[in-house]
Amino acid sequence: MKHAWSAQYRRWEGESVGVWTRRLSIARYGLKLCLGGKVIRIFLILSLAQMLVMSGFFFLFGQLVAPESALLLWLEGMGGKEVTDLFRALTSWALLYPEICVDGVYRVIYYFFSFSCPFLTMVIVALFVHKLISGDLASNAIVIYNSKALTRWDYLIGKFMVVSTILSIIWIFPVVGSWLLSNLLSPDWSFFYHSFPSLVRGLTIGIVAVVSLSCLAMLISSLARKTGAAVTYWILGWISLGMISGAAQFAHPALQYLSPVNALRAVSGGIYRMLDLVVDAQGMLPFFGGLFRKVSDGTDPAELPISNGEIVLPLMALACYCAVSIVIVSRKVRAS
């Protein structure tokens with residue numbers, strides 16, 4: 001005996017899509033929604049503009065160490081032969097110790113670039129965090145998502161792709177873009193090889209920042225049932241964690257990593273290892289060593305207010321934030 005519903009059943013004859021196609025559709029719609037505002041696009045353009053600034057620094061450095069470059073000829077015309085001789089000496093040292101000179105310049109620029117990223121992250125995430133998950137919870141759109149051929153993890157992965165793509169524009173794209181552009185314009189192809197360690201360092205801190213901050217953005221967005229509250233939670237959480245960690249570190253230094261920003265700065269210091277760069281440059285480049293001793297009045301590098309930073313504790317703190325975020329967001333989405 002056939003049931004009534006079996007007579008009405010029609011097999012789907014359209015083209016079926018894979019699971020990643022469904023996840024990418026969530027990501028595409030989310031990006032279109034989050035990037036719809038003019039203000040966020042302006043801030044993202046400002047973030048990408050840093051790529052051009054860093055490329056400009058790298059290009060000038062390449063011209064300074066290139067024999068018979070137009071820049072050296074211009075400096076000779078402006079400052080005389082003494083200035084040109086000074087830069088030619090720098091050229092000789094750069095050619096003799098490229099692993100210090102080339103990699104050192106890239107490492108210093110990328111290190112200082114990492115200081116601007118947290119502020120841009122706070123502002124840009126505040127502009128779209130209410131459209132990430134809280135908007136779906138407030139409008140009950142999450143029920144529609146769950147009624148389709150999507151699992152909870154498909155939804156979360158799609159949303160993670162949204163926020164991680166936007167944060168990559170802040171943390172990763174400027175590093176990769178400036179490295180490629182500056183090396184294509186460099187006077188020697190060996191710049192690709194000698195600056196590659198700095199690129200790896202920049203990518204490492206970028207990936208850590210994008211993953212951890214993306215999880216935190218999803219957490220804040222899932223905690224707010226009203227879209228306006230998500231923005232408030234994000235800004236207040238960012239500021240309050242910084243204040244709490246600043247006070248708590250007097251009880252124990254490890255408590256400073258209660259702030260994700262402090263943890264990322266510590267990881268950045270541990271990855272770029274600026275103190276090691278100063279010590280290596282002083283030992284391998286006599287010119288730099290003499291200049292350093294003259295400027296610092298004979299100060300030992302170990303006494304400098306520069307820290308290599310530690311990696312294990314701040315990475316553990318960021319990993320805990322990620323784990324807590326994933327658990328809470330998963331439960332919030334399932335409960336809805």
Give the number of residues within the stretch 174-210 that are farther than 25 Å from A317 by Cα, within 12 Å of the chain's Cα centre (by Cα) and open to solvent by 20 Å² or more (accessible area, probe 1.4 Å).
1
As an exercise: evaluate H130 against (1) part of a helix (DSSP H, G or I); (2) modelled with pLDDT under 75; (3) open to solvent by less than 60 Å² (accessible area, probe 1.4 Å) and give the number of the one condition it does not meet.
(2)
Please tell me if G206 is free of Cβ contacts under 8 Å to residues at least 40 places away in the same chain and of a type outside the set (K, R).
yes
Candidate set from the stretch 5-24 (those that are under 22 Å from D154 (Cβ atoms) and open to solvent by less than 50 Å² (accessible area, probe 1.4 Å)); member that is modelled with the highest pLDDT:
R23
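Here's the yes/no breakdown for (1) within 19 Å of the chain's Cα centre (by Cα); (2) within 19 Å of C320 (Cβ to Cβ):
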| position | (1), (2) |
| --- | --- |
| S214 | yes, yes |
| I220 | no, yes |
| T232 | no, no |
| L236 | no, no |
| S240 | no, yes |
| M243 | no, no |
| A248 | no, yes |
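The rows are residues; the columns are (1) modelled with pLDDT of 65 or more; (2) outside any helix (DSSP H, G or I); (3) open to solvent by 60 Å² or more (accessible area, probe 1.4 Å); (4) at positive phi.
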site	(1), (2), (3), (4)
L275	yes, no, no, no
V278	yes, no, no, no
Q282	yes, no, no, no
G290	no, no, no, no
T299	no, yes, no, no
L318	yes, no, no, no
S325	yes, no, no, no
I328	yes, no, no, no
K332	yes, no, yes, no
Given the condition open to solvent by less than 90 Å² (accessible area, probe 1.4 Å) and modelled with pLDDT of 65 or more, answer yes or no: does some residue in the stretch 68-87 qualify?
no
Those residues of the stretch 31-51 which are outside any helix (DSSP H, G or I) and either over 17 Å from K159 (Cβ atoms) or in contact with a Leu (Cβ under 9 Å, 6 or more places away or on another chain) (or both), in sequence order:
L35, G37
Determine whether L241 is open to solvent by less than 60 Å² (accessible area, probe 1.4 Å) and in a helix (DSSP H, G or I).
yes
Among the residues of the stretch 245-259, how many are in contact with a helix residue (DSSP H, G or I) (Cβ under 6 Å, 6 or more places away or on another chain) and either in contact (Cβ under 8 Å) with a residue 24 or more places away in the chain or not in a loop (DSSP other than H, G, I, E, B) (or both)?
7
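The values are calculated or read from the model by the stated rules, or taken from the named source; none is laboratory data. Treat the numbers as computed from the prediction; the structure is a model and nothing was measured. Positions of Cβ are backbone-derived with ideal geometry, glycine not excepted, and every protein chain shown enters the neighbour counts. Remember, those area values only see protein heavy atoms, side chains included, never the ligands or the DNA or RNA. Shrake-Rupley method; radii C 1.70, N 1.55, O 1.52, S 1.80 Å.
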